[in-house]
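Participant: After the C-alpha cells below, expect a handful of questions from me.
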Amino acid sequence: MDIADSSSDVIAKRPKSSRNDDDYFRSYADLAVHEEMLRDTVRTNAYRIAILGCCDQIAGKVVADIGAGTGILSCFCVQAGAKKVYAIEASGIVHRAAEVVKSNNMEDKIEIIRGRVEEVELPENVDVIVSEWMGYFLLYESMLGSVIYARDKWLKDTGILLPNTASIYMAPLTCQEYGEECTGSSNEQTDAVLVDTVEMQVKFWESMKQSYGVDMSCIAGYAKQNFLSRVHLGTISPQYLLSHPCKVLEIDIKSITQTDLNKLTGNFKFQCFGNANIYGFAGWFSVSFPCMKDVKISTSPLSHPTHWQQCILYIESPTRVEQDTVIEGNASFMQNKTMGRFLDVSLQYSVGEKNHGIRHFTLDDLCIS
C-alpha cells in the first residue's frame, strides 16, 4: 500500500519541525510505545465503544485521524461506517499502519498520510476528527495543539470531535512513595516511607565521601530541589487521597483556541478528611465523547489503572492538617518555553490560614524514564 507523503514545496512556507518534534516523532516509531497503548484496555475499549456508538454521525462521513499510530482508531471508524478516513501520522510507524489497513481489507477506505498535521493537505473537509492526543497529566507532549489546528482547518461546522471534552483533577496526597504504593498501618510508618524517598536524594550525595573518599555533600541540596521540582509518575492508592477530588480544569475541545493553550489555569478547594501530613498533590485527567455520554477514559486512582498512571507534585515539607482543614489555590499548565513538548505546572496554595506561595514543576522526559 502506498503511503501518501505531503512533503512538497509548500511546506517550506510553513514552520518547520523543531529538534524537539523530531525526537518526539522518532520515539513514536518504536512499536513498543504502541504496544503499551494497545495493551491499555481502558483506553482502547473506550475509543472502540465511543466510535461505534457514534455510528450515526460517522456512517457515510469523512474522518481525519490525527496521530493515527498503528491505525486502530481509523479501522474502528471504518467499522462504524465511515466513507473515508485520512490517517495522519508523522512517525515511521505509518509503515506498520499500512500493513494493518491492508490486512483488514480497508485500503479503499483508509488513506494514510505521513507528515505533521501542520504540514499536510487534505483534499476535502471532514465531518469527524478522532485523536488519542492525551499525554501524562493530559497536556504533556502538547498534541492538543495539533488537534486544534486540524479542527480549525478541516472540520465542518456541523462536525464532531472524539473526544470532545477533557478535564484535569487534583487531590491532596498524604503519603505516596515515588512510583510505588505506600505501605504501613499508621501515619508514622507511612510518613517514614515518603521521607526516606525524598531524603535518599540527600543521603546518596552525602555517602560519596565514605564510599569513594570524595566529599560531594555540596550537591545534596541541589539534588533534593531537583527531585521536588519534577512531576513524578506513579500508581496511587486511593487510601492516600486526603479529600474528595476537585475538577481543576475542563476543556471544550470544540472551542478551545491555540492562544488558550499558552496558559491554562484552574482553581481548587479541598476539605481534608482527617488528621494527617500532606506530602503533595495527586493529579490525573479524564476525557469524554459525544453520542456516548456514559463512555469516558478516567485515569483516576479510583478507576481501573491505565498506562497514564497519576502525577505527583511533592511539596517542600510535610504539612499537618486536621479534619475539615481547607486547602485552596490554583494550578496553571503551560508549555515549556525551551522544549515545547514538555509541560510546566505552577501551583499556588494555602493550607488553612497559611499561604504556601508558588511552587513550580516540570514534566519532561526524565520524569518518564
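Participant: Could you grab me the full set of residues in the stretch 328-367 that are β-branched (V, I, T), more than 20 Å from F285 (Cα to Cα) and crowded, with 17+ Cβ neighbours inside 10 Å?
Facilitator: Filtering the stretch 328-367 for residues β-branched (V, I, T) gives 338, 345, 351, 358, 362.
Next, only the ones that are more than 20 Å from F285 (Cα to Cα) stay: 338, 351, 358.
If the condition is that a residue be β-branched (V, I, T), more than 20 Å from F285 (Cα to Cα) and crowded, with 17+ Cβ neighbours inside 10 Å, then V351 is the only one that fits.
Participant: Has the stretch 76-86 got any residue that is among the aliphatic types (A, V, I, L, M), under 14 Å from E132 (Cα atoms) and open to solvent by less than 50 Å² (accessible area, probe 1.4 Å)?
Facilitator: Within the stretch 76-86, not a single residue is among the aliphatic types (A, V, I, L, M), under 14 Å from E132 (Cα atoms) and open to solvent by less than 50 Å² (accessible area, probe 1.4 Å).
Participant: Working only within the stretch 141-170, note down all residues that are touching a Cys at 6+ places or on another chain (Cβ under 9 Å) and not aliphatic (A, V, I, L, M).
Facilitator: Correct list: Y169 only.
Participant: Residue pairs, Cβ under 9 Å, 6 or more apart or interchain, first in the stretch 50-64 and farther than 23 Å from L122 by Cα, second open to solvent by 40 Å² or more (accessible area, probe 1.4 Å) and assigned to a helix (DSSP H, G or I). List them.
Facilitator: L52/Q79
Participant: Report, ordered by the first and then the second residue, all pairs with beta carbons closer than 6 Å, sequence separation of six or more or different chains, a first member in the stretch 216-239 that is surrounded by 17 or more Cβ atoms within 10 Å (Cβ to Cβ), and a second member that is modelled with pLDDT under 90 and small (G, A, S).
Facilitator: G234/G179
Participant: Select, from S27, S18, the only residue that is modelled with pLDDT of 50 or more, open to solvent by 40 Å² or more (accessible area, probe 1.4 Å) and closer than 30 Å to K296 by Cα.
Facilitator: When all the criteria are applied, what remains is S27.
Participant: Checking I278 against (1) exposed (fewer than 15 other Cβ atoms within 10 Å of the Cβ); (2) over 27 Å from T44 (Cα atoms): exactly one of these is not met. Which one?
Facilitator: Status for I278: all satisfied but (1).
Participant: Of all residues in the stretch 223-277, how many are among the β-branched types (V, I, T) and part of a strand (DSSP E or B)?
Facilitator: Residues flagged as among the β-branched types (V, I, T) and part of a strand (DSSP E or B) within the stretch 223-277 amount to 3.
Participant: Taking the residues in the stretch 296-305 that are open to solvent by 20 Å² or more (accessible area, probe 1.4 Å) and assigned to a loop (DSSP other than H, G, I, E, B) as candidates, determine which candidate is nearest to G135 (Cα to Cα).
Facilitator: Of everything passing the filter in the stretch 296-305, P305 is nearest to G135 (Cα to Cα).
Participant: From the set of residues in the stretch 58-71 that are of a type outside the set (V, I, T), within 27 Å of the chain's Cα centre (by Cα) and not in a strand (DSSP E or B), which is surrounded by the most Cβ atoms within 10 Å (Cβ to Cβ)?
Facilitator: Per the criteria, the residue is A68.
Participant: Go through F285, F281 for me and flag whichever is within 25 Å of G352 (Cα to Cα) and either assigned to a strand (DSSP E or B) or in contact (Cβ under 8 Å) with a residue 24 or more places away in the chain (or both).
Facilitator: F281
Participant: Among the residues of the stretch 275-287, are any touching an Asp or Glu at 6+ places or on another chain (Cβ under 7 Å) and either over 17 Å from F333 (Cα atoms) or of a type in the set (A, V, I, L, M, F, W, C) (or both)?
Facilitator: Yes.
Participant: In the list G60, G135, which residue meets the criterion of being under 23 Å from P305 (Cα atoms) and of a type in the set (G, A, S)?
Facilitator: The conditions single out G135.
Participant: Another question, if that's okay. Taking A192, is it open to solvent by less than 60 Å² (accessible area, probe 1.4 Å), more than 30 Å from D127 (Cβ to Cβ), modelled with pLDDT of 90 or more and outside any strand (DSSP E or B)?
Facilitator: no
Participant: Here is a further query. It is to be established whether one or more residues within the stretch 283-298 are farther than 30 Å from Y149 by Cα and touching a Phe, Trp or Tyr at 6+ places or on another chain (Cβ under 8 Å).
Facilitator: no
Participant: Another one. So is V248 open to solvent by less than 90 Å² (accessible area, probe 1.4 Å) and at pLDDT 90 or above or not? Write out each step before concluding.
Facilitator: Values: open to solvent by less than 90 Å² (accessible area, probe 1.4 Å): yes; at pLDDT 90 or above: yes.
Considered against the rule, which asks whether it is open to solvent by less than 90 Å² (accessible area, probe 1.4 Å) and at pLDDT 90 or above, V248 comes out as yes.
The values are calculated or read from the model by the stated rules, or taken from the named source; none is laboratory data. Keep in mind it's a predicted model, so treat the numbers as computed, not measured. All Cβ positions, even for glycine, are placed from backbone atoms using ideal geometry, and neighbour counts span all protein chains on display. Only protein heavy atoms, including side chains, enter the accessible area calculation; ligands, DNA and RNA are left aside. Shrake-Rupley method; radii C 1.70, N 1.55, O 1.52, S 1.80 Å.
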